[in-house]
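**Student:** My structure is below; once you've seen it, I'll send some questions.
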Amino acid sequence: MNQTITKAPAVISPLGDSALVITFGDSIQYDIHKQIKTCKDSIELNPFPGFIECVPAFTNLTIFYNPLEVVAAVKKKEKKEFVSPFEVVSSILQSKLENEQTEKELDHRTVSIPVCYGGEYGPDLEYVARHHNLTPEEVISIHSEGEYLAYMIGFAPGFPFLGGLSEKIATPRRSSPRTSIPAGSVGIAGMQTGVYPISTPGGWQLIGQTPIKLFLPEQNPPSLLQAGDIVKFEPISKEEYQELQAKEGEK
Amino acid sequence: MSIRVSKAGLLTSIQDLGRKGFQQHGVIVSGAMDSYSLRIANLLVGNDEKEAGLEVTLMGPTLEIESDCLVAITGGDLTPSVNGKPVPMWKPLFIPKGGTLSFGPCRTGCRSYLSVAGGFSINEVLNSKSTYLRGEIGGYKGRALQTDDVLPLSVPAASKPAFLSNELINGVYTSSWSVNYKEFVHFTKKPSVRVINGGQFDLFTAESQSHFTQEPFKVSNQSDRMGYRMDGPSLQLQEKKELLSEAVSQGSVQVPPDGNPIILLADRQTTGGYPKIAQVITADLPLLAQVKPGESIYFSHISLHEAEKIYLEKEQLLQELKIAINLASTK
């Protein structure tokens, strides 16, 4: 995870009249992730008046705000005719970016996710193996040896976009998406891997399933994984799967 | 204190102003599609404007009022009636216990809001009472209302307000005044929806850019709370480009490769990867919420500063309305 830091200037642009986007680059890179994470932590630790929330993605950070509260905070200090909430928030963030330290290393939490590979739990494992002239066991060992970085959570509640998949098992999406994928399914799409937290339609190649719940609406935060987490997959047997599933059900 | 659902209607769900603060965990915001109408309905019954109400869609439910209730109905005109007699919208209504509130044909718009003094007594999930239909959380059992559901009500802070008349008209006691809603929601054929440029506006062909604001777009039947799919001139990029997923917001106008734009609404996914040609201004989202499938809209460009001014002006008007309602109800 150690790379030299090439700090490109961040660009701030509006996303409508109540949100803005800070863009740090245009490709999936660890140092860009690092800048996004540092910026996000700094805003959340010291939020500006009117701040609602921010959402990290691969190359940018989107910040949602309440324009009325942004303006109210400024107007307390100075009486002006028209104050642009976008300009107020931009200038606050601009100075934050200039004074930020991105040299320090990030602390990553490592989360291990048990997976029962193949069979009924991973209907596309055989396909992925054939696609690469590998045995299903080789696919399992390559997938479970990897360390993956959660760049962002999105698409569905708790769904992690994981980077770091070996090219040896990178496989295109299915030509026709499934109408329903069971919760817990572990899939591959191109160079990405991820886990479906709730049952949704989807086109990823399914190689296994975890009994662990990734979306926990009764908890705060409701997502097991957060952007910036390192994810490891640990192969388990069908029996272990069922045991863990029973335990999860009791929660 | 409760309201019983005796006929479900097409799609009625409990919504407040949305589940804010959890998008980074992939949790969609939800909330009322026409937030101005919900906020005004709440103000009319003395609630905090953030309180949850019922969002009633196209074909409304029939509700049995099981205890004396102060309610207000706003938004699209789905011809509400009490015990079969029409009742007015945009003003407080006191319905005595035993009344039946039902909705009829849709005259204007397509979404009505019903607020009840005190609000619904249901637990918040992640700081909101909004129903997240696909995630099956929040609201009443995480789903749309069904026949025989019994919605528990909270006890309102104040009893029967003094501003209501003493005369029972069509089964309700009501006020002599009502809210001039035209400042907030208006119902016209082919409404013009104001947008500012989207992040990828410049990636579209010049022809697509001009078609976008010159031609009408029809809201397709495949539209719902998640988004409106639009039929109109096909919008194309200058060259094919794969974008990485990033956060989207309510009102983002995304264009998938088929060229038909999709406006993302209350139940949108938190992230998307299609290029965004435009962004509907916040103040016009309620207007959009009242457009029925099959109807057409026009898009018109304005600047970010204009959009911000309009937003702030509407909030100012809403503040004034709040003060006016308070004055009227303490007379």
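**Student:** Suppose we filter B:Arg268, B:Arg229 for residues that are among the basic types (Lys, Arg) and open to solvent by 60 Å² or more (accessible area, probe 1.4 Å); which single one remains?
**Tutor:** The unique qualifying residue is B:Arg229.
**Student:** What about B:Lys20, is it open to solvent by 30 Å² or more (accessible area, probe 1.4 Å), touching a strand residue (DSSP E or B) at 6+ places or on another chain (Cβ under 6 Å) and assigned to a loop (DSSP other than H, G, I, E, B)?
**Tutor:** yes
**Student:** Mind checking which residues of the range B:243-276 are away from every other protein chain (no Cβ under 13 Å), within 24 Å of B:Ala144 (Cβ to Cβ) and of a type in the set (Val, Ile, Thr)?
**Tutor:** B:Ile262
**Student:** Among B:Val155, B:Val150, which is among the hydrophobic types (A, V, I, L, M, F, W, C), surrounded by fewer than 18 Cβ atoms within 10 Å (Cβ to Cβ) and at pLDDT 95 or above?
**Tutor:** Checking each option against the conditions leaves just B:Val150.
**Student:** Which of the following residues is touching a Pro at 6+ places or on another chain (Cβ under 9 Å) and part of a strand (DSSP E or B): B:Leu63, B:Leu54?
**Tutor:** Just one listed residue meets the conditions, B:Leu54.
**Student:** Continuing with this model, one more query. Filter the range A:206-232 down to the residues that are crowded, with 20+ Cβ neighbours inside 10 Å and more than 29 Å from A:Cys39 (Cβ to Cβ) and list them by number.
**Tutor:** A:Leu206, A:Ile207, A:Gly208, A:Gln209, A:Thr210, A:Pro211
**Student:** To continue, here is another question. Here is a check on your reading of the model: is B:Leu44 more than 14 Å from chain A (Cβ to nearest Cβ) and buried (at least 23 other Cβ atoms within 10 Å of the Cβ)?
**Tutor:** Yes: the conditions hold for B:Leu44.
**Student:** Just need a number here: residues in the range B:65-79 that are more than 23 Å from B:Asp48 (Cβ to Cβ) and of a type in the set (D, E, K, R).
**Tutor:** So the count comes out to 2.
**Student:** Which members of the range B:164-217 meet the condition of being at pLDDT 95 or above and part of a helix (DSSP H, G or I)?
**Tutor:** B:Phe201, B:Asp202, B:Leu203, B:Ala206, B:Glu207, B:Ser208, B:Gln209, B:Ser210, B:His211, B:Phe212, B:Thr213, B:Gln214, listed by residue number.
**Student:** Does B:Ile14 count as open to solvent by less than 20 Å² (accessible area, probe 1.4 Å), under 30 Å from A:Ile63 (Cβ atoms) and not in a strand (DSSP E or B)?
**Tutor:** In short, no.
**Student:** When the range B:116-153 is examined, which residues are found to be basic (Lys, Arg) and under 20 Å from A:Asn220 (Cα atoms)?
**Tutor:** The answer is B:Lys129, B:Arg134, B:Lys141.
**Student:** Based on what the data block shows, is A:Ser175 open to solvent by less than 20 Å² (accessible area, probe 1.4 Å), out of contact with any Ser or Thr (no Cβ under 7 Å at 6 or more places or on another chain) and polar (S, T, N, Q)?
**Tutor:** Considered against the rule, which asks whether it is open to solvent by less than 20 Å² (accessible area, probe 1.4 Å), out of contact with any Ser or Thr (no Cβ under 7 Å at 6 or more places or on another chain) and polar (S, T, N, Q), A:Ser175 comes out as no.
**Student:** Does the range A:91-108 contain any residue that is among the hydroxyl-bearing types (Ser, Thr, Tyr) and open to solvent by 30 Å² or more (accessible area, probe 1.4 Å)?
**Tutor:** Within the range A:91-108 (the criterion being among the hydroxyl-bearing types (Ser, Thr, Tyr) and open to solvent by 30 Å² or more (accessible area, probe 1.4 Å)), the answer is yes, since at least one residue qualifies.
**Student:** Quick check on the range B:285-313: of everything there that is within 20 Å of the chain's Cα centre (by Cα) and within 10 Å of chain A (Cβ to nearest Cβ), which residue is surrounded by the most Cβ atoms within 10 Å (Cβ to Cβ)?
**Tutor:** Result: B:Ala307.
**Student:** Would you pick out the residues in the range B:54-79 that are within 21 Å of B:Leu321 (Cβ to Cβ) and surrounded by fewer than 21 Cβ atoms within 10 Å (Cβ to Cβ)?
**Tutor:** Correct list: B:Asp77 only.
**Student:** Would you check if B:Lys141 is open to solvent by 50 Å² or more (accessible area, probe 1.4 Å), of a type in the set (Lys, Arg) and modelled with pLDDT of 95 or more?
**Tutor:** Here the answer is yes, as B:Lys141 does meet what is asked.
**Student:** Given the residues B:Pro86, B:Pro96, which is the only one that is at pLDDT 95 or above and surrounded by fewer than 23 Cβ atoms within 10 Å (Cβ to Cβ)?
**Tutor:** One residue alone meets the criteria, B:Pro86.
**Student:** Please go through the range A:233-249 and give me each residue that is under 20 Å from the mean Cα position of the chain (by Cα) and either closer than 23 Å to B:Gly139 by Cα or open to solvent by 40 Å² or more (accessible area, probe 1.4 Å) (or both), ordered by number.
**Tutor:** Across the range A:233-249, the qualifying residue is only A:Glu234.
**Student:** Next up: Filter the range A:145-162 down to the residues that are within 11 Å of chain B (Cβ to nearest Cβ) and among the aromatic types (Phe, Trp, Tyr) and list them by number.
**Tutor:** A:Tyr151, A:Phe155, A:Phe159, A:Phe161
**Student:** Would you say A:Ala57 is within 21 Å of A:Ala227 (Cα to Cα), crowded, with 19+ Cβ neighbours inside 10 Å and modelled with pLDDT of 95 or more?
**Tutor:** yes
**Student:** Pairs, please: C-beta under 7 Å, at least 6 apart or cross-chain, first residue within 7 Å of chain B (Cβ to nearest Cβ) and in the range A:39-63, second open to solvent by less than 30 Å² (accessible area, probe 1.4 Å) and among the charged types (D, E, K, R)?
**Tutor:** So the pair list comes out as A:Cys54/A:Lys40; A:Pro56/A:Lys40.
**Student:** Of the residues A:Leu206, A:Leu165, A:Leu225, A:Leu244, only one is touching an Asp or Glu at 6+ places or on another chain (Cβ under 6 Å) and either part of a loop (DSSP other than H, G, I, E, B) or more than 13 Å from every other protein chain (Cβ to nearest Cβ) (or both); which?
**Tutor:** On inspection, the qualifying residue turns out to be A:Leu206.
**Student:** Taking the range A:64-93 only, how many residues are more than 7 Å from chain B (Cβ to nearest Cβ), farther than 30 Å from A:Tyr30 by Cβ and not in a loop (DSSP other than H, G, I, E, B)?
**Tutor:** 10
**Student:** Within the set of pairs 6 or more residues apart or between chains, which connect a residue that is within 30 Å of B:Asp16 (Cα to Cα) inside the range B:219-237 to a residue that is open to solvent by 80 Å² or more (accessible area, probe 1.4 Å) and outside any strand (DSSP E or B) with Cβ atoms less than 8 Å apart?
**Tutor:** If the second residue must be open to solvent by 80 Å² or more (accessible area, probe 1.4 Å) and outside any strand (DSSP E or B), the pairs left are B:Met226/B:Arg134; B:Arg229/B:Gln222.
**Student:** Restricting to the range A:178-203, name every residue that is open to solvent by less than 10 Å² (accessible area, probe 1.4 Å), closer than 16 Å to A:Phe233 by Cα and assigned to a strand (DSSP E or B).
**Tutor:** A:Ser185, A:Val186, A:Gly187, A:Ile188, A:Thr193, A:Gly194, A:Val195
**Student:** Name every residue in the range B:23-49 that is within 11 Å of the chain's Cα centre (by Cα) and part of a loop (DSSP other than H, G, I, E, B), in order of residue number.
**Tutor:** Selection gives B:Ser30, B:Gly31, B:Ala32, B:Met33, B:Asp34.
**Student:** Can I ask one more? Can you work out which of the residues in the range B:314-323 that are touching a residue at least 40 places away in the same chain (Cβ under 8 Å) and either open to solvent by 10 Å² or more (accessible area, probe 1.4 Å) or closer than 17 Å to B:Val248 by Cα (or both) is nearest to the other protein chains (Cβ to nearest Cβ)?
**Tutor:** Looking at residues that are touching a residue at least 40 places away in the same chain (Cβ under 8 Å) and either open to solvent by 10 Å² or more (accessible area, probe 1.4 Å) or closer than 17 Å to B:Val248 by Cα (or both), I get B:Lys314.
The values are calculated or read from the model by the stated rules, or taken from the named source; none is laboratory data. Model, not experiment: these values are computed from the prediction. Glycine also receives a Cβ, built like all others from the backbone with ideal geometry; neighbour counts cover every protein chain displayed. Note: areas computed on protein heavy atoms with side chains; ligands, DNA, RNA excluded. Shrake-Rupley method; radii C 1.70, N 1.55, O 1.52, S 1.80 Å.
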